[in-house]
Amino acid sequence: MGKRSVRENKTVYQQCREALDLTRDKASERMDFISADRIEKIESERSMPHPDEILAMAKAYQVPELSNYYCSNACPIGRKYVPELKKKELSTIVLELLAGITALSKEKNRLIEITVDGVISEDEREDFTRIREQLQMLASCSSALSFWMEKQELEQK
């Protein structure tokens, strides 16, 4: 049996592993191609994880949102384009999604007016920015719902 870590500032990768009460050796067995030594290097931040390792950890630890964490925090491209999703209850996700859809449906005609000529003029920019932010919020809600559903599927296995 491996010894229990007493490290104070544990990485999210270590927290996810320990939440299942897995040693690095047991985690390594679940992931086939990632050794316990490699897990230790990732958790101690002496080495950056590769995307395929993150996918394996997300599956082995039953934390699909780990891939979002990696993309929004560790990947240079993702830090710019991928918002970090916070864990939410299903009811919160659905209510936010429905509120976003309602708000956006009210803006539908304005979006058509703005984009019909293929140019966003200065007087349209503020409205277009607001609508774009609403669309981004809907995309985040959709991603959160996908992660929630994937988590449920993993827990049923």
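Observations
- With a requirement of 3 or more residues that are in contact with a Cys (Cβ under 9 Å, 6 or more places away or on another chain), open to solvent by 60 Å² or more (accessible area, probe 1.4 Å) and within 27 Å of Arg130 (Cβ to Cβ), the helices (runs of 4 or more DSSP H) lying completely within the range 25-101 that satisfy it span 76-81.
- Across the range 91-118, the qualifying residues are those that are in contact (Cβ under 8 Å) with a residue 40 or more places away in the chain and touching a helix residue (DSSP H, G or I) at 6+ places or on another chain (Cβ under 6 Å), and the one among them that is nearest to Gln152 (Cα to Cα) is Ile93.
- Inspection of the range 116-133 identifies at least one residue that is of a type in the set (Phe, Trp, Tyr), at pLDDT 95 or above and surrounded by 11 or more Cβ atoms within 10 Å (Cβ to Cβ).
- Unique residue being of a type outside the set (Val, Ile, Thr), modelled with pLDDT under 95 and more than 15 Å from Lys151 (Cα to Cα) when the list is Asp52, Asp32: Asp32
The values are calculated or read from the model by the stated rules, or taken from the named source; none is laboratory data. Here the structure is a predicted model, which means the values were calculated and not measured. Ideal geometry is used to build each Cβ from the backbone, glycine not excepted, and the neighbour counts take in all protein chains shown. Surface accessibility is based on the protein's heavy atoms, side chains included, excluding ligands, DNA and RNA. Shrake-Rupley method; radii C 1.70, N 1.55, O 1.52, S 1.80 Å.
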